[in-house]
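For reference, the structure is listed below as structure tokens.
The values are calculated or read from the model by the stated rules, or taken from the named source; none is laboratory data. This structure is a prediction, so every number in the text was calculated from the model and none was measured. All Cβ positions, even for glycine, are placed from backbone atoms using ideal geometry, and neighbour counts span all protein chains on display.
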Amino acid sequence: MENQTGAGDTVYRVVEVIGTSTQSWEDAAKKAVETAAQSLRDLRIAEVVKLDMKVDGGKVLAYRTRVLLSFKYESSGQD
């Protein structure tokens, strides 16, 4: 049987990152993805899994967004 590579043959890796912003959770998520994209290649999916805030004296200081990022796993090419 011939070895064919198709969409079902792809493996993805998932990492968790946390972005912060003084503006919003959306901004925090965007910063997390954009920063991670500087060192991770071929990002595919970003999933927000948790939202929280840093609070001091009853005031919100920062929004934090926990994001799971998936990207293609690159094999060494050796079978």
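Scanning the range 36-79 for residues that are among the hydroxyl-bearing types (Ser, Thr, Tyr) and in contact with a strand residue (DSSP E or B) (Cβ under 7 Å, 6 or more places away or on another chain) yields a total of 4.
Filter the range 44-63 for residues that are of a type outside the set (Gly, Ala, Ser) and in contact with a helix residue (DSSP H, G or I) (Cβ under 7 Å, 6 or more places away or on another chain); which is surrounded by the fewest Cβ atoms within 10 Å (Cβ to Cβ)? Before you say what the answer is, go through the steps one by one.
Taking the range 44-63 first, the residues of a type outside the set (Gly, Ala, Ser) are 44-45, 47-56, 59-61, 63.
Among the residues that remain, those that are also in contact with a helix residue (DSSP H, G or I) (Cβ under 7 Å, 6 or more places away or on another chain) are: 48, 51, 63.
Numbers: Val48: 15, Leu51: 13, Tyr63: 20.
Checked the range 44-63; the qualifying residue surrounded by the fewest Cβ atoms within 10 Å (Cβ to Cβ) is Leu51.
Restricting the range 31-63 to residues that are assigned to a strand (DSSP E or B) and free of Cβ contacts under 8 Å to residues at least 12 places away in the same chain, the residue that is nearest to the chain's Cα centre (by Cα) is Met53.
The residues of the range 9-27 that are more than 13 Å from Val49 (Cα to Cα) and in a helix (DSSP H, G or I), listed by number, are Asp9, Asp27. I'd like to know if the range 64-79 contains one or more residues that are exposed (fewer than 13 other Cβ atoms within 10 Å of the Cβ) and modelled with pLDDT of 95 or more. No, because not a single residue in the range 64-79 is exposed (fewer than 13 other Cβ atoms within 10 Å of the Cβ) and modelled with pLDDT of 95 or more.
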